[in-house]
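The values are calculated or read from the model by the stated rules, or taken from the named source; none is laboratory data. Small disclaimer: the values here were computed from a predicted structure and weren't measured. Note that each Cβ is placed from the backbone with ideal geometry, even for glycine, and that neighbours are counted across all protein chains shown.
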Amino acid sequence: MTAAFSPTCQHLLTGRLKPQLQFLPPRAPASMRRLTFALASATTRGVEADAKDDGVVLKKGIAEFYDESSGVWEDIWGDHMHHGFYDPGSTVSVSDHRAAQIRMIEEALRFSGISEDPKKRPKSVVDVGCGIGGSSRYLARKFGAKCQGITLSPVQAQRANSLAAAQGLADKQVSFQVADALDQPFPDGQFDLVWSMESGEHMPDKTKFVNELARVAAPGGTIIIVTWCHRDLAPSEESLQPWEKELLNKICNSYYLPAWCSTADYVKLLQSLSLQDIKAADWSQNVAPFWPAVIRSALTWKGLTSMLRSGLKTIKGALAMPLMIEGYKKDLIKFAIITCRKPE
Amino acid sequence: MRLLTHNMLSSNIKGVANGFPFRIDVEKVVEKKVDFNAGFLRNIFPKVEWKAFVDAARTMGYPELPEEADSSLLDSDEFLTKFHHGLLELHLEEGALICPETGRRFPVNKGIPNMLLHEDEV
């Protein structure tokens with residue numbers, strides 16, 4: 001495995017909000033001050049202590065971000081919290097979104113080569129970073145499989161359970177718990193399908209993350225990772241350009257992301273674990289239509305009022321959307337799928 | 001949290017050799033009716049760790065399950081009904097899961113287990 005990924009993004013909490021938003025009653029300023037202080041004091045200690053503190057702060061940040069944002073996201077986008085899959089170059093509106101999100105799941109399954117044969121379908125699924133359970137419920141219905149979802153956000157786990165019950169989806173088939181993807185509370189070899197849909201970008205330790213995915217996969221099981229990566233480095237490059245790192249840093253700050261890695265990094269990790277049939281693809285063109293559509297939806301009356309009601313973290317996330325578009329346009333950010341199979 | 005879930009969770013604390021099954025500390029059990037589906041039960045039966053399941057059900061206040069079970073029992077409606085009830089209809093709403101080796105408690109609130117480890121357990 002190549003040398004360590006670039007150090008944890010520095011959280012630049014300068015609170016530079018656009019002038020027109022300054023009338024907002026300061027929501028959660030105290031917790032943001034605590035976050036700033038914790039990070040500031042962390043940098044004065046040793047590297048190991050740094051890493052641990054950053055880890056705790058990051059997990060808490062992720063949980064709080066989703067606790068706060070889940071409601072408004074669900075309101076606008078429905079119960080899937082991932083990108084939609086579009087034909088490249090298409091113009092889309094939010095009403096196309098749900099169908100595109102379903103298509104994303106189906107395209108990912110197809111890419112992985114998972115069998116449609118009823119005798120060979122996955123019977124047990126783990127949804128790593130399950131959000132409010134959209135994928136879990138979909139996969140449980142599609143395969144008649146049992147699905148476990150894990151998330152850092154108690155609010156999401158709660159909502160996921162409620163939705164499962166409300167959808168009369170035999171809620172027997174899906175269950176959600178608050179757990180850490182880097183330390184999954186499952187024995188080895190438990191799941192025929194290990195599903196990580198846009199959660200990999202939150203994992204501070206990619207090696208550990210991939211190790212856990214492989215550990216809980218059953219022999220012969222399939223692992224599907226759909227995630228945001230940065231572009232692969234050229235053979236001569238040691239790291240990204242300074243401007244590229246700066247752009248990613250700003251995005252990290254808003255979405256509670258640790259350092260980014262490349263698709264090639266994931267492939268190398270999977271290879272190092274002797275996983276088979278490793279395949280990777282760049283689906284950036286297929287999700288590019290998504291962000292402009294999201295921005296348009298955010299600028300509607302409903303979008304704005306929902307954001308104002310939810311809080312500062314959600315708003316910061318929203319303000320970062322143009323940065324994502326910039327990242328995609330400049331070929332820095334890639335929307336990647338990586339799949340493989342665990343040997344029998 | 002249903003016993004179906006309990007049957008799939010294991011303690012991941014650093015250094016623990018055998019983290020399965022969790023003991024259950026019961027504070028509140030709720031019974032929720034679930035539609036009976038024999039096909040699902042037959043499908044899931046081979047994946048269930050039977051002893052852990054029976055013990056857990058007893059802790060939750062349901063001692064009716066046989067100590068041992070093999071697939072021939074799947075033809076019996078009476079067995080399937082009990083299996084269904086224990087596996088899917090008993091919910092631990094409040095309580096905790098206890099690591100069998102370290103005794104560490106993982107709280108269960110509103111039916112959701114919190115399996116997050118502390119930094120020193122990782």
The conditions are (1) in contact with a Phe, Trp or Tyr (Cβ under 7 Å, 6 or more places away or on another chain); (2) more than 10 Å from chain B (Cβ to nearest Cβ); (3) surrounded by fewer than 20 Cβ atoms within 10 Å (Cβ to Cβ), and A:P187 fails exactly one of them. Which is it?
(2)
Taking the range A:113-137 and keeping only residues that are closer than 19 Å to A:H82 by Cβ and surrounded by fewer than 22 Cβ atoms within 10 Å (Cβ to Cβ), one is left with A:I114
Can you tell me how many residues in the range A:293-331 are within 23 Å of A:E107 (Cβ to Cβ) and outside any helix (DSSP H, G or I)?
1
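Could you list, in sequence order, the residues of the range A:154-170 that are in a loop (DSSP other than H, G, I, E, B) and more than 7 Å from chain B (Cβ to nearest Cβ)? Don't jump to the end; show me each part of the working.
In the first step, residues of the range A:154-170 are kept if they are in a loop (DSSP other than H, G, I, E, B); the result is A:167-170.
Scanning the range A:154-170 gives A:Q167, A:G168, A:L169.
Tell me the residue from A:K313, A:K279, A:K268 that is among the charged types (D, E, K, R) and modelled with pLDDT under 95, please.
Details: A:K279 fails: modelled with pLDDT under 95; A:K268 fails: modelled with pLDDT under 95.
Among A:K313, A:K279, A:K268, only A:K313 is among the charged types (D, E, K, R) and modelled with pLDDT under 95.
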Kindly list the number of the only condition in (1) within 13 Å of chain A (Cβ to nearest Cβ); (2) touching a Gly at 6+ places or on another chain (Cβ under 7 Å); (3) not charged (D, E, K, R) that fails for B:A57.
(1)
The number of residues in the range A:191-229 that are in a strand (DSSP E or B) and within 16 Å of A:Q276 (Cα to Cα) is 12
Residue count, the range A:254-288 (criterion: surrounded by fewer than 20 Cβ atoms within 10 Å (Cβ to Cβ) and in contact with a His (Cβ under 7 Å, 6 or more places away or on another chain)):
1
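Could you grab me the full set of residues in the range B:95-122 that are in a loop (DSSP other than H, G, I, E, B) and facing chain A (nearest Cβ under 8 Å)?
Here is the first cut: in the range B:95-122, the residues in a loop (DSSP other than H, G, I, E, B) are B:99-104, B:110-111, B:115-118, B:122.
Across the range B:95-122, the qualifying residues are B:K110, B:G111, B:M115, B:L116, B:L117, B:V122.
Of the residues that make up the range A:207-218, is at least one over 15 Å from the mean Cα position of the chain (by Cα), touching a residue at least 24 places away in the same chain (Cβ under 8 Å) and closer than 21 Å to A:K119 by Cβ? Even if it seems obvious, please write down each step before you answer.
The first filter runs over the range A:207-218 and keeps only residues over 15 Å from the mean Cα position of the chain (by Cα), leaving A:207-208, A:211-212, A:214-218.
Filter once more, keeping what is touching a residue at least 24 places away in the same chain (Cβ under 8 Å): A:207-208, A:211-212, A:214-218.
Remaining after also requiring closer than 21 Å to A:K119 by Cβ: A:217-218.
Yes; the residues of the range A:207-218 include at least one that is over 15 Å from the mean Cα position of the chain (by Cα), touching a residue at least 24 places away in the same chain (Cβ under 8 Å) and closer than 21 Å to A:K119 by Cβ.
Might you check whether a residue that is within 12 Å of chain A (Cβ to nearest Cβ) and either in a helix (DSSP H, G or I) or among the charged types (D, E, K, R) (or both) occurs anywhere in the range B:60-77?
As a first pass, look at the range B:60-77 and keep what is within 12 Å of chain A (Cβ to nearest Cβ): none.
The answer is no, given that none of the residues of the range B:60-77 is within 12 Å of chain A (Cβ to nearest Cβ) and either in a helix (DSSP H, G or I) or among the charged types (D, E, K, R) (or both).
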